Structures are given as C-alpha cells and as structure tokens.
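Every number in this text was worked out from the coordinates using simple rules, so none of it is lab data. Bear in mind that the values here come from a model prediction, so they are computed numbers and not experimental data. Cβ sites come from the backbone with ideal geometry, for glycine too, and all protein chains shown count toward neighbours.
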Amino acid sequence: MNLAQLRNYFTTKAGSFEDFPFDETTMVIKIQNKMFALIALEKDPLEISLKCDPYLAESFRTQYKAVSAGYHLNKRHWNSIVLDGSIPNKVVLEMIDHSYQLVFDKLTKKNKAEIEKLIEE
C-alpha cells in the first residue's frame, strides 16, 4: 500500500482531514480534530500508526511482525504498522476502519451528528 492509496482511502472517511501539527514529515489524519492515524512520510516503506482496542492491538502485534506498539504514542492504544507488503491491504484497511470507528465513537453527539449529516449528503 502506498501513500496515494492511503490518501484515497482516508477521503472515504466522513469528516476526516489531513493535518501536519508536529512537522512536515508526519501526516496526521483527524476526525473533528481527534487523531486516528499518523503517517511517517519519511519512512521507506511507509509507516502508519493507528488507534486500536488494546486487546486487538496485542493480537495484531503477535500475528504480524510489521506491527509494533505505537511509536511515541500510548503503546496500549496505538499500533505502528510498517507497510512492507507483509500484511494484506484488506487487513490494513480494516485496521484503519477500526481506528476511525474508535475515535468516532468517542465524539460528542453534536460532532457525530455533523459527520452523519456529511454521510447522508
């Protein structure tokens, strides 16, 4: 999976947008100003960090060598994934979906309603 594919997939997530709050090499994908993905643009292969349920996070780390505890993030709730082709794209997309949903579920009712309105349009 490459950067263009990731960007295209992130555009399908209602309310998501790119930001660079830390530096010019760390792309952050947010929903309502809450991070759900970070992409280390300077890494080759690309590395993406995603929010994850702690139990599922451990399972992914055990199952895939390319998955480790989130780099510079809460290691219980974030995984860093090296996109070296060892994890099927379908699984990476499912991880992204999971991260997005975790953050969406924690939004206020008002913010959720704003995003759900975008989905209906």
Any residue that is of a type in the set (K, R), over 17 Å from I81 (Cβ atoms), in contact (Cβ under 8 Å) with a residue 12 or more places away in the chain and not in a loop (DSSP other than H, G, I, E, B) - is there at least one of those in the range 29-44?
yes
Within the range 102-119, track down each residue that is under 15 Å from the mean Cα position of the chain (by Cα) and β-branched (V, I, T).
V103
Looking at the structure I just gave you, is Y64 hydroxyl-bearing (S, T, Y), farther than 21 Å from K106 by Cα and under 12 Å from the mean Cα position of the chain (by Cα)?
no
Residue pairs qualifying under the 7 Å Cβ cut-off, at least six apart or on distinct chains, with the first in the range 93-119 being surrounded by 11 or more Cβ atoms within 10 Å (Cβ to Cβ) and the second being assigned to a helix (DSSP H, G or I) and hydroxyl-bearing (S, T, Y), are L93/Y9; I96/Y9
Being in contact (Cβ under 8 Å) with a residue 24 or more places away in the chain, buried (at least 16 other Cβ atoms within 10 Å of the Cβ) and closer than 24 Å to F17 by Cα is the filter here, so list the residues in the range 45-75 that pass it.
L46, E47, I48, S49, L50, K51, C52, L73
